[in-house]
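In what follows, a structure is listed as structure tokens, so that the remarks can point back to it.
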Amino acid sequence: DSRPSSIIERDSCWLLCAHRELITFILQVCSKEAFYQGQRRFYKRFFHIDQASKMKLVVCSAALSLLHLSEPTFAFSQGWRRHAVADLTSTALHVSIGLGPDKENAEEVKELTPGVDYEVPDHESFRTSRRSKLDEQCDSWFESLMGEGHGILGPLADEMRTILTTPVPLTNDVQLPRDHEEWTPYVSPKLPWTPLTPSFGLEQFGLPIPRRNAETWRHFDVAGLVEQDYSGSTENTGVEIDLTNEEVASFQEKLEAEGGWLADDMCQARLVYINGRYSPQLSMANDWAKNLGDIESASEEEKTWLSRLTDGFTDKLACPVPVGDNMYWESHKKLSAPDHSVGEPTSQFAINTQQGTACFAALNTMRTGAVAYVRPPKDHDAGAEGVMPVLVVNAVTKDAGGASDSEGVSFHPRTLVVVEENSRLSFVQSSVDLDTGLEHKPKMYNGYTQIFVKEGGNLTHSLLEESGGDVTSGVEKSDDDLRENEIAPRKIESERPALKDTHFETIDVQLMGKDAAYEGTLMSVGGSGRIRIAHSVSLLQPGVHAKINGFSLCGGAQRSDCKTNIHHIAQGTSSEQMQKNMIGGRATGAFRGRIRVEQSAQQTDSQQLSRTVLLSDKCRAWAVPSLEIIADDVQCTHGATVSDLSEEELFYLRSRGLDRTLSRNLLMYAFAGDVCTCIEPSMLSALGSQKGLQKRLIERLENVVPQGDRAIKGEFQSS
């Protein structure tokens, strides 16, 4: 018998309400009259049965919102609890829940009148009440980055400024009727007399600003970031650089030495930017790979792409996603609705799953002075072998082109890549130093790259981040390991100018055509003090495939953070990811890789693996792979390893006559080699060449090789 009266009458029954399915079942199969009748019998019998057979009602706090009838339910009164609370097993909230009053004898519930029965709070006065001093500093720091003017994107820049400066509305969750198509139990409405506050990071701006305790910024140096002033900007932003013949020859030679150059016969196009300003003399543009210096010449489609934000703050998907016969998803916040959607991007639940890049993408749109625009025509190089790449170089000088009176400088490189139907493209981005002999200034590089791949398109993407010079070697040594009168390497590292620099890179990839393919390889080996790379890939059509390879090298006192988000939305998509991190000195590195498979993405095949090597006892690493699977017909795997260089492998090499340093070098080369070989071949050059990525990578690896023996022996020595 499924009637609640018969359930409650059993003296020794146990009712465990830990799942919403059980509660929903009881409410559906039983009439309200039977529900109230059983409740009344329970009240009469409860105080007359022995201690051993008293019913224990355990209701988890997550299920409280499901105990909802058309008439209000209520908690047991204090008088009842004085007799029974000692005998009942209460919830984690120490609240015993009743099944509601007798319908016949229930008193009418008085409807509360605002301003009479309770005081209506002034919600706006509580908007910033939860901010700490560091939070206020974060908001002031970001406000200084916004400045007064805007870049070349004109009305798009004004739109971004409006979005940023308009505070989010303070709203309360609303419980919809059960018969509503968007009804869900996962709402948390606040009581009408409770002040409403925005999500953390949204107290002042319309997009989330960095917060030290936010999930996406937890392992980053937020306090050090906001202490540094980057309010200055590059002089003559939006104006092309006019170089003399001597400067052209000098800059070309320096770019070749730094690895940021391909000859005219080795690439299809080359776009060179110095501190965010386009250099036509150093570039080799064509009809479909060029600098976009005027928004007025852009089409409406291009303006729509350039106005997109990350983290779901542009709610409309890049293209409709088929989910059935003549049915399509077009809204990001309604994916897998109603029970499994992330909802509004300004909600705390949604912010906890984001990469935290939306505010910096909007800042880039506001302040960028040039856009590298690459859009090969349809069927471009479709059947060709050995496709030559398109190279986009972002060279950074020590002063970042800032004014002489500015303390710190920020600039905002922008790239837009569109791969048309059945086109094939190899695209390389390179960020390198360009020494012009000027004095160093703290600088923030805020790059934003947008990639759209249409039906049948194939894109191979390589990103090389090598700016910031080299870190100081040997910072892991303690004072006892230093020779007499030797300056501590960590003191030298703390005074290294590039340690004040910050490098942000946001990459947003939209696979918006059937059978589109994307392979991205990102290598971060630069020496900037703070490096953060956020890579997001959305698979929007059936049959698309994405492959992501990443390698991060950090040493000295660096803070490096790599975040990836692979979003499977359409059916029958696949992805592969291999992330390798190498951390030495006293550096801190973090990797957070998120894969989300929506309810519409059945037959998804996704693989993710993260491997991290700690080179010293003083460095730290976090590896956080995550899977969010809503669909039920998928094949997904993920894993993460963190370890030191194998003592057994080191012993094997040293027993063959190799010294300790060379043995460690060989193991480090092998660890980085499989990712390095995925880079565009023309950027690698021969192993014995003085130029090329392999030579530069070997030098950087040798720079972070640990010195001396470890304090703790074993396979996992580092603490």
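The values are calculated or read from the model by the stated rules, or taken from the named source; none is laboratory data. Since the structure is predicted, the reported quantities are computational estimates derived from the model, not experimental observations. Because the Cβ atoms are built from the backbone with ideal geometry, glycine has one as well, and the counts that use them run over all protein chains shown. We work out accessible area using only protein heavy atoms, side chains counted, and drop any ligands, DNA or RNA first. Shrake-Rupley method; radii C 1.70, N 1.55, O 1.52, S 1.80 Å.
Quick look at the values:
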item	result
Whole-percent carbon and sulfur share, accessible surface of region 618-660, 1.4 Å	46
Spin-label pair Val248/Asp674, simplified geometry with 7 Å Cα→Cβ offset, distance in nm	4.6
Entries of Lys333/Lys547; Lys398/Lys500; Lys398/Lys441; Lys334/Lys547; Lys514/Lys547; Lys333/Lys563 with Cα pairs more than 18 Å apart	Lys333/Lys547; Lys334/Lys547; Lys333/Lys563
Extended-chain gain in nm, criterion 0.36 nm per residue less alpha-carbon gap, Val624 and Glu344	98.4 nm
Prolate/oblate/rounded label for region 194-334 (Cα gyration tensor, a/c 1.5)	oblate
Surface accessible to a 1.4 Å probe, per residue, for the residues of region 264-389, Å²	42
Other-chain or far-sequence residues with amide H under 5 Å of Phe205's (modelled H)	none
Theoretical gain in end-to-end length, Arg308 to Thr637 [0.36 nm per residue, Cα-Cα removed]	115.4 nm
Residue-by-residue Karplus 3J(HN,Hα) for region 250-262, coefficients 6.51, -1.76, 1.60, Hz, glycine and proline x	5, 5, 4, 4, 5, 5, 4, 5, 8, x, x, 8, 10
In Hz, Karplus ³J(HN,Hα) per residue of region 126-142 (6.51, -1.76, 1.60; θ = phi - 60°; x = Gly, Pro)	9, 4, 9, 5, 9, 6, 8, 5, 5, 4, 4, 5, 4, 5, 5, 4, 5
Ala285/Ala257 FRET efficiency (R0 41 Å; Cβ-Cβ; nearest 0.05)	0.95
Cα-based reach from Lys110 at 17 Å (exclusive), listing aspartates and glutamates while leaving out same-chain residues under 8 positions away	Glu71, Asp102, Glu119
Linear extension gain, Val174 paired with Ser144, 0.36 nm per residue minus alpha-carbon span	7.1 nm
Carbon + sulfur, % of accessible area of region 505-545 - ligands and nucleic acids excluded, 1.4 Å	44
Probe 1.4 Å, accessible area per residue of region 485-564, Å²	25
Distant-in-sequence amide H partners of Asn565 (H built 1.01 Å from N, under 5 Å)	His535, Ser536, Val537, Arg594
Modelled FRET efficiency - R0 60 Å, Glu576 with Leu482, Cβ distances, 0.05 increments	0.85
5 angstrom amide H check on Ser336, placed H, neighbours 5+ away	Gln599, Ser600
Percent accessible area from carbon and sulfur atoms, region 348-486, protein chains only, probe 1.4 Å	42
Spacing of the two label points (7 Å from each Cα toward its C-beta) at Glu301 and Tyr652, in nm	5.4
